[in-house]
Amino acid sequence: MSNRDRILEFALGLMNEEGAEAANTTRIAAALGISPGNLYYHFRNREEIVRVLFETLETEFRAVLVEDVGPPITPVRFAGFYLRSFNLAWRYRFFFGGLLGLLRRDDDLAARYRALQDWALVELERIAAQLVKDGNMDRPRGRDGLRSVALNTWLIWMNWIRFLQISGKDTIAPSDMAAGANQLFDVLAPYLDPAFEKSARRALAREAPKRG
């Protein structure tokens with residue numbers, strides 16, 4: 001593994017455990033046994049490390065929103081889509097837990113995040129529209145009903161980590177993220193076909209990480 005990859009891997013683990021503010025460049029260099037100059041050769045500061053980690057998160061998230069959710073969207077695909085998205089949030093939980101502070105410190109990161117959010121809302125609306133087309137979801141009322149469903153989905157996904165933190169969770173486990181997926185199902189339940197929802201929840205329960 002190259003020094004650059006070692007820096008990213010260690011920084012991600014450290015920030016996930018202690019928050020982004022814990023990952024100062026001096027601490028990272030000392031923990032990896034490299035000189036500060038070696039670290040600065042790859043990254044000028046912590047913000048650049050965060051930016052590169054976000055690029056990886058963005059790439060993976062874009063893949064989640066377009067892979068294996070083609071028509072028709074089966075209950076298993078539907079459950080798998082939400083599990084993968086919440087598992088991704090867990091792997092980069094430092095970003096979701098400290099989102100506002102990170103965006104305030106880096107205008108470039110903020111612009112990239114807003115672009116991702118705009119794209120994601122379009123894709124989530126597309127997925128909801130496909131469920132309606134498949135006959136597995138009632139079209140929400142109002143001209144912007146599908147957009148509203150997409151927005152609610154995004155808000156729960158983006159804020160689930162912070163909800164857990166505010167609720168007093170010292171350690172966030174993958175099973176906590178599965179609870180977030182179930183929360184999304186609760187929001188969507190009034191619109192979903194009952195048989196489709198039941199099958200999707202069974203798939204979710206089968207594949208979700210169990211509490212240790």
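The values are calculated or read from the model by the stated rules, or taken from the named source; none is laboratory data. All values derive from a computational prediction rather than experimental measurement. Virtual Cβ from ideal backbone geometry, glycine too; neighbours counted across all protein chains shown. With ligands, DNA and RNA removed, areas are computed over all heavy atoms of the protein, side chains included. Shrake-Rupley method; radii C 1.70, N 1.55, O 1.52, S 1.80 Å.
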Can you tell me the relative contact order of the chain? Whole percent, Cα pairs under 8 Å, sequence separation 6 or more. 23 percent
Quarter of the surface of the C-alpha convex hull for the stretch 106-205, i.e. direction-averaged projected area in nm², equals 7.9 nm²
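Would you mind classifying the stretch 49-89 by shape? Square roots of the alpha carbon gyration tensor eigenvalues, ordered a ≥ b ≥ c; an a/c under 1.5 is rounded, otherwise it is prolate if a/b is larger than b/c and oblate if not. Write down the numbers at each step before the final one.
Working: a/c = 6.42, a/b = 2.37, b/c = 2.70.
Here the stretch 49-89 falls in the oblate category.
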Rounded if a/c is under 1.5, else prolate if a/b is larger than b/c, else oblate: which is the stretch 141-199, with a ≥ b ≥ c the root eigenvalues of its Cα gyration tensor? oblate
Multiply the residue separation of residue 22 and residue 151 by 0.36 nm, subtract the distance between their alpha-carbon atoms, and state the gained length in nm to one decimal. 43.3 nm
Less than 19 Å from a label point 7 Å out along the Cα-to-Cβ axis of residue 119: which backbone N atoms in the stretch 92-110 qualify, by residue? 92, 95-96, 103, 107-110
Averaged over every viewing direction, what's the projected area of the C-alpha convex hull for the stretch 3-81? Give it in nm², one decimal, please. 6.1 nm²
Largest first and in whole Å, what are the equivalent-ellipsoid semi-axes of the chain based on the Cα gyration tensor, each being the root of 5 times an eigenvalue? 35, 18, 15
Modelled label-to-label distance, residue 141 and residue 1, 7 Å Cα→beta-carbon offset: nm? 5.4 nm
Ranked output for segments 44-53, 140-149 by mean other Cβ atoms within 10 Å, highest leading, reads 44-53, 140-149
With all protein chains in place and a 1.4 Å probe, residue 138 shows an accessible area in Å² (nearest 10) of 100 Å²
To the nearest 20 debye, the stretch 156-212 has a Cα-centred charge dipole, built from +1 on Lys and Arg Cβ and -1 on Asp and Glu Cβ, of 180 debye
Max mean-square fluctuation residue, GNM over the chain, Cα-Cα springs under 10 Å, options 197, 18, 58: 18
Of all accessible surface on the chain at a 1.4 Å probe, what whole percent is carbon and sulfur? 51 percent
Helix-only [θ] at 222 nm, the chain, -39500 (n - 2.57) per DSSP H run of 4+, per residue, nearest 500, equals -24500 deg cm²/dmol
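With a 1.4 Å probe and every protein chain left in place, work out the accessible area per residue of the stretch 44-170 in Å², rounded to a whole number.
Ligands and nucleic acids excluded, the result is 50 Å² per residue.
What whole-number volume per residue, in cubic angstrom, does the convex hull of the C-alpha atoms of the stretch 43-137 give?
On the way: hull volume 8.6 nm³, N = 95.
In the stretch 43-137, the Cα convex hull volume per residue is 90 Å³.
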